[in-house]
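Please read the structure below before turning to the comments.
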């Protein structure tokens, strides 16, 4: 019954103001976007721990927004001494050099100890068990070569805009790194 | 001979380098005889770059689809399913990050910190919904935002929020926006991300406080339409402003409004506006004009008072900055030492501060200065928000039809089916006959 | 109310889903709260079991108990993670079903809109606007009030004004004092700046001619076991009781009291200290000085730094110490760094630590936790193997730390029992006593755990339990509490001679040139030849009881007795009768 409103209304004052506001807004946004895009990075940033600044305080295990922290221990095999008495694996004075619970530092038994040849043993981390508590990192860095260190694992990390662990890190070890080079691995002892 | 010398020299250098590296290590690298190969540490890559661009593609497609569904198809059902898809994709798959709600913080951070470059995807996420709002109103809120979609799903029986409460609570998103941008710009952190109650639900993990807050919002959302969107979302304020100037308006009726009033209660978000009542009586008009005059004059006063109050906040607000917080704790420790356990995070950070107290105090001083300016701005902003809201409440735009308020309309499409003309358009009702007597 | 079958079905679904969500939610909340109170990784039960195991390492039943507990903890942890994950999804599903069912039921039962006539639309809208304005005014007040509360609730300790920041910037900071103020190494060597001398060796190269005689003596007003320290023309002593702890400064030449200063009102120090055993008292740790200030540590944890003129530079509270015999380790000093060994507790996990403080300000430069219970030995700072090492002794570890930064350099698990004697470094070897068990010589050039690799020699003969050894490059001398003095070859550890002086000895022996001095508890000062053969060179009797060790500086010997401070020198210098 009713015809639709005529296709072309004469331009009312309100519409003119609206057009003007829109134009202004678009220009402003465009300028801001352009200014920022000129130094924009492509792939974006991800969070990572600088092992040189890490104080192995244990916050990584408790502060992540995920229930199982995205931070896990990583082993730089090239730096490892493959010692029989690994101070990252064993307590400083272990009862015996076996994998029994009372001798191990790791609370979740995430480190696997495998005999290689005399007197060398390989220590590797099982990431499904590691909680990122840094006890092994503390032992290895203090008395050993420092080949165990914590890193954010990017297959687990949610890449939050503001990392909850980074906020509470006492060593300020977290920083944004380009997503193309997302790891800060240790290659030497210090 | 020269070649041999060079070789020896090279070997010598290698040996020296190896010795230097060995000299660093307490336990020298082993000499394996059994042919053991050193494994390399695994480095699982983050999400591939092209997927980030795919996200922006989905965002843009979603915005386009929402606009089409609102204006061309006028389909509530379509919008519903689009919002379910957005909840699944942007909410549970992408875990709600990165999202347009927090992206303005990245922009603010980048503007004042030359060391940080905003990724292109973040720029798109920040600006695309605003551009869409300039064209198509709050299409983002209606069809694409996962926070809104979740709240829409749990809405059971909407209750009307009285205007005074709506206006009062409606200041919170603006204040939150101001606080969030200020903290981001000064580098203190991203408050909007920290206090988002619905993202921990997408992640299915989080601290007790924020998960409880999320549950409270959802429980409230069963009876109050979109409480987060209306009373907390800082980005919603920006979208409100943008959609006030939008090219296309959401119309309840597909053609002319017959003033049947059937759509009055159809908006669960309190966005439906009535046509202006018959020409206001003269006695009211004069009062209203005078009041408006006073309110306009009050605006700069409110801004000034706000700015002054805000500046008083700066020593407390600056403690949001981690450098200032550390300096405060360090200073407290000097006069009232607390025994933290050895090697606990608290004692480690205090130790680090003690080693270079000058740097810590300098950083804190810088952050305090930044916050002084920022708090002036925040106070003035708060005054501006309250002043403008007072004016907005006192101004009544001339309306001839029942239509949603441009800024408040969430473009959800619930009001379409309330209009008889819409039902006629869809063929659900026969057209009204001409009532002219024959 | 719509009572159709569909509505009833939806309503029922909603109720069931609601109950289900509530149940799952309740379980998650309960388990969350429970887990928050019990941190599985810090279980006190496990700690207690590990301590028991350390005492009885071969107890198989104990080992099994630990393993069972560990397995349980890990299983519970995994179960909780799985529960949270599945619980989260279930809760979400239940909530969604509830929302959808209830939403659809509500939609079904919604009454069609029946707009009623509005009488006073204009007036009503004006009233609403007026209410809204007042509520906005209220919001303004609430915001202002919240800002005020936020300001009051978060007082800032940092300066408020530019002037305040400037003042803060001018205060002494971590940069070291200007070079010309730090005494050079030779000044440290000629004075006696800490327990057993600048390097803790208890030895000086010069010698007095003939038997020393008392040049002066003066009363020490407050009791203590701390030894004197000497810098330039001043001798410093600490002493005190529960009500007052002081530092005394005497003229080294004449024995006159120059000043006395109480260390009091130390921030953080409780007005009533914990139980300080009477035998040890408050002033067992010996003071230290770096030539610019003197530092005194007391058994309740008060550490005071005084300028050489007696004014207080700074004070710090480092306690409380949990020490069965009372805290007794003395301060070590090197340059303008102080090192304090703060071992406490009966077990190895009670917060023992080694800290390094900046002398000028008292700022803690670094601290390291130590896996040891309480000990009473004083650390020494030595330059060995190209590094400045802080050597510490406690049961069971000898640990060496880098002086700058505090990183552990090496450690050896070689000690037993209650470690009281301090280490010495001479002739490139570190000599350490494991009380009642061994005298050991270690090479200080190791890294990591050197328990098996760096012990040069060990001897089990006549091992003292209180007095520290003394060594020059050739010989090592020990004295037991019963007075048996023994001489070993420094290289190789062969015992050259032993003799029984038949007196109670608590002070540590000292070497003065080629003479070994041993101070008996009842006042006999015996001099022996520090050579391959045992020869007593002289003996003088002082009318006092002695537990503190001698200090040597500028050709004088200073002894602190229970009542008096004595200065001994060459007999020719005895001009007047002792006062």
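Here, each number is a calculation from the coordinates, and none is a lab measurement. Computed from a prediction, not measured in an experiment: that's the story for all the values here. Note that we place each Cβ from the backbone using ideal geometry, even for glycine, and neighbour counts take in every protein chain shown.
Rounded to the nearest 0.05, what FRET efficiency is calculated for residue C:243 and residue C:219 with R0 set to 22 Å and r the Cβ-Cβ distance?
0.70
To the nearest µm²/s, what D does Stokes-Einstein give for the protein assembly as shown at 25 °C and 0.890 mPa s, using the Kirkwood radius over alpha carbon pairs as Rh?
68
Considering every Cα-Cα pair within segment C:5-105, what fraction, in whole percent, is farther apart than 22 Å?
53
Can you give the helix-only mean residue ellipticity at 222 nm for chain C, where every DSSP H stretch with n ≥ 4 adds -39500 (n - 2.57) and the sum goes over all residues, rounded to the nearest 500 deg cm²/dmol?
-8500 deg cm²/dmol
Please give the helix B:76-86 orientation as an angle from the longest Cα principal axis of chain B, in degrees from 0 to 90, rounded to the nearest 10.
10
Compute the separation of the alpha-carbon centres of segment C:330-400 and segment A:109-170 and state it in Å as a whole number.
Each part's Cα centre sits 29 Å from the other's.
Using 0.36 nm times the number of residues separating residue C:325 and residue C:37, minus their current alpha carbon distance, what extension gain do you get?
That works out to 100.1 nm of additional length.
Could you work out [θ]222 nm for chain A from helices alone, using -39500 (n - 2.57) per DSSP H run of at least four and dividing by all its residues? Round to the nearest 500 deg cm²/dmol.
For chain A, the value works out to -7000 deg cm²/dmol.
Can you give the % of DSSP beta bridges in the protein assembly as shown that are antiparallel, to the nearest 5?
Just about 95 percent of them are antiparallel.
Determine the gain in length on full extension of the stretch residue B:399-residue B:260; use 0.36 nm per residue of separation and subtract their C-alpha separation, reporting nm with one decimal.
Net length gain for the segment: 48.5 nm.
By how many degrees, 0 to 90 and rounded to 10, does the Cα axis of helix B:234-244 deviate from the longest principal axis of chain B?
40
Taking the square root of 5 times each eigenvalue of the Cα gyration tensor, what semi-axes in Å does the equivalent ellipsoid of segment B:334-379 have, largest first?
29, 12, 9
Take every DSSP beta bridge with both residues inside chain C and express the antiparallel ones as a percent of the total, to the nearest 5.
Roughly 95 percent of the beta bridges in chain C run antiparallel, per DSSP.
What ranking of C:557, B:156 emerges when the number of other C-beta atoms within 10 Å of each C-beta is taken as an exposure proxy, fewest first?
Placing the least packed residue first, the sequence is B:156, C:557.
Among rounded, prolate and oblate, which fits segment C:381-494 when a ≥ b ≥ c are the square roots of the eigenvalues of its C-alpha gyration tensor, a/c under 1.5 means rounded, and a/b larger than b/c means prolate?
Taking the square roots of the gyration eigenvalues as a ≥ b ≥ c, segment C:381-494 is prolate.
Compute the relative contact order of chain B as a whole-number percentage, counting only Cα pairs closer than 8 Å that sit 6 or more residues apart in sequence.
It comes to 21 percent, rounded to a whole number.
Consider just the alpha-carbon atoms of chain C and return their Rg together with their Dmax, both in angstrom.
Radius of gyration, then largest Cα-Cα span, for chain C: 35.4, 125 Å.
Go ahead and collect, in residue order, the members of segment C:189-233 whose backbone nitrogen is under 14 Å from a label point 7 Å along the Cα-Cβ direction of residue C:554.
Counting only backbone N, you get C:190-193, C:216, C:229-233.
Where Rh is the Kirkwood radius over the Cα pairs of segment B:92-229, the temperature 4 °C and the viscosity 1.567 mPa s, what D in µm²/s does Stokes-Einstein return?
Here the translational diffusion coefficient equals 80 µm²/s.
Could you let me know the centre-to-centre spacing of segment B:128-186 and segment C:203-250, using Cα atoms, in angstrom?
First find each Cα centre; the distance between them is then 77 Å.
Express in whole angstrom the spacing between the alpha-carbon centres of segment A:46-80 and segment C:492-562.
56
Please report the base-10 log of the normalised intensity I(q)/I(0) for segment C:300-409, using a Debye sum with one equal scatterer per alpha carbon and no solvent, at each q in 0.21 (1/Å).
-1.15
Given points 7 Å out from each Cα along the Cα-Cβ axis, report the residue C:307 to residue A:185 separation in nanometres with one decimal.
5.8
Given labels modelled 7 Å from the Cα in the Cβ direction, how far is it in nm from residue C:279 to residue C:481?
0.6
By how many degrees, between 0 and 90 and to the nearest 10, does the Cα long axis of helix B:171-185 differ from the longest principal axis of chain B?
Here the helix axis deviates by roughly 20 degrees.
Express in nm, to one decimal, how much length is gained between residue C:264 and residue C:69 on full extension, taking 0.36 nm for each residue of separation and deducting their alpha carbon distance.
65.4 nm
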